[in-house]
1. Ratio of Rg to Rh for region 1-52, alpha carbon only, Kirkwood?
2. With a cut-off of at most 15 other beta carbons within 10 Å, and DSSP calling the residue loop, which trypsin sites (Lys or Arg not before Pro) in region 76-126 qualify? Please list them.
3. Among DSSP beta bridges lying fully in the chain, give the percent that are antiparallel, nearest 5.
4. From the backbone phi of region 196-206, what are the Karplus-calculated ³J(HN,Hα) couplings (6.51 cos²θ - 1.76 cosθ + 1.60, θ = phi - 60°) in whole Hz, Gly and Pro given as x?
5. Expressed in nm², what is the orientationally averaged projection area of the convex hull enclosing the Cα positions of the chain?
6. Which whole-Hz couplings ³J(HN,Hα) result when phi for each residue of region 152-167 is put into the Karplus expression 6.51 cos²θ - 1.76 cosθ + 1.60, θ = phi - 60°, listed in order with x for Gly and Pro?
7. Using the Cα centre as the reference, give the magnitude of the dipole from point charges on the C-beta atoms of the chain (Lys, Arg: +1; Asp, Glu: -1; all else neutral), rounded to the nearest 20 debye.
8. If you roll a 1.4 Å probe over region 89-146 with all protein chains in place, what percent of the accessible area is carbon or sulfur?
Amino acid sequence: MSSPADFAENETLRSIHHRHSIRMFTDQEVRDEDIRTILDAANCAPSAHNQQSWRFLILRDERKHALAELVSHRAVDFPRSASILMRMAARSIQGAPVVVAVANTGELIRNGAELFRVDGELAFDFFRTMEIQSSAAAVENLLLAATSLGIGSVWLGILFLMKREVLEFLGEPAGEFMAVVPLGYPAKTTEGPKKRPWETLVRTLK
Ligand SMILES: Cc1cc2nc3c(=O)[nH]c(=O)nc-3n(C[C@H](O)[C@H](O)[C@H](O)COP(=O)(O)O)c2cc1C
């Protein structure tokens with residue numbers, strides 16, 4: 001198994017190890033070419049039945065400011081803890097040169113039964129879960145690709161609490177909210193939070 005020392009030798013492991021959430025950004029633009037590279041990496045993720053039922057929405061300038069406005073405007077309607085996270089999210093969106101939102105199309109939920117039979121109550125749950133898991137893999141690829149290019153990112157999940165408005169805003173009203181990810185160059189050098197050692201999270205079945 002890998003030990004931390006191996007990270008230095010392997011670029012993929014280095015990106016995985018170095019990725020941590022960045023919430024404040026400099027004004028430096030992210031090149032279109034880098035955005036394309038990042039989205040291509042996201043699109044390489046595994047997806048159930050190779051359905052790729054994710055959509056990536058790119059927001060810059062006015063669209064990005066408008067989303068930040070919407071979020072900070074709605075933040076007051078939520079209990080304090082959520083409200084604080086929403087205001088932080090609005091600041092990250094506002095401060096990032098570019099934002100990528102990820103929405104699920106629901107295609108797998110709609111077409112899943114034609115692809116393979118799962119009956120009854122379990123079907124909706126199964127296809128929806130498969131779709132969410134697929135898109136989560138795409139978001140992680142996106143974060144890792146950004147990291148590998150020196151671009152910071154944070155997965156903003158708190159906007160799920162106002163998902164209908166966000167999806168309307170993104171022009172994906174029939175979709176499912178996955179993530180909003182501000183992208184930009186880190187305003188300061190930070191280390192991510194400490195992780196619980198993986199050894200404490202593993203059990204070998206005997
Ligand atoms: C599904 C999901 C939702 C998240 N939502 C938020 C969020 O709304 N706001 C935020 O600041 N960070 C959010 N994060 C980032 C986590 O806070 C962060 O990943 C965690 O604290 C570990 O830190 P690291 O990313 O630096 O390793 C989210 C992460 C995930 C995976």
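The values are calculated or read from the model by the stated rules, or taken from the named source; none is laboratory data. Given the structure is predicted, the values throughout are model-derived calculations rather than measurements. Methodologically, a virtual Cβ is constructed for each residue, glycine included, from the backbone with ideal geometry; neighbour enumeration extends over all protein chains shown. Just the protein is used for accessible areas: all its heavy atoms, side chains included, with ligands, DNA and RNA removed. Shrake-Rupley method; radii C 1.70, N 1.55, O 1.52, S 1.80 Å.
1. Values: Rg = 15.0 Å, Rh = 14.0 Å.
That ratio equals 1.07.
2. Details: sites: Arg80, Arg87, Arg91, Arg110, Arg117; in loops: Arg117.
Those satisfying the criteria are Arg117.
3. Working: 17 of 18 bridges.
So the antiparallel bridges amount to about 95 percent of the total.
4. 5, x, 4, 4, 7, 10, 10, 10, 8, 6, 10
5. Working: hull surface 58.1 nm².
Projected over every direction and averaged, the Cα hull of the chain covers 14.5 nm².
6. Result, rounded to whole Hz: x, 7, 8, 7, 9, x, 4, 5, 3, 5, 10, 4, 4, 5, 5, 5.
7. Numbers: 24 positive and 26 negative charges, 157 e Å.
So the magnitude is around 760 debye.
8. Details: 1370 of 2530 Å².
Whole-percent figure for carbon plus sulfur exposure: 54.
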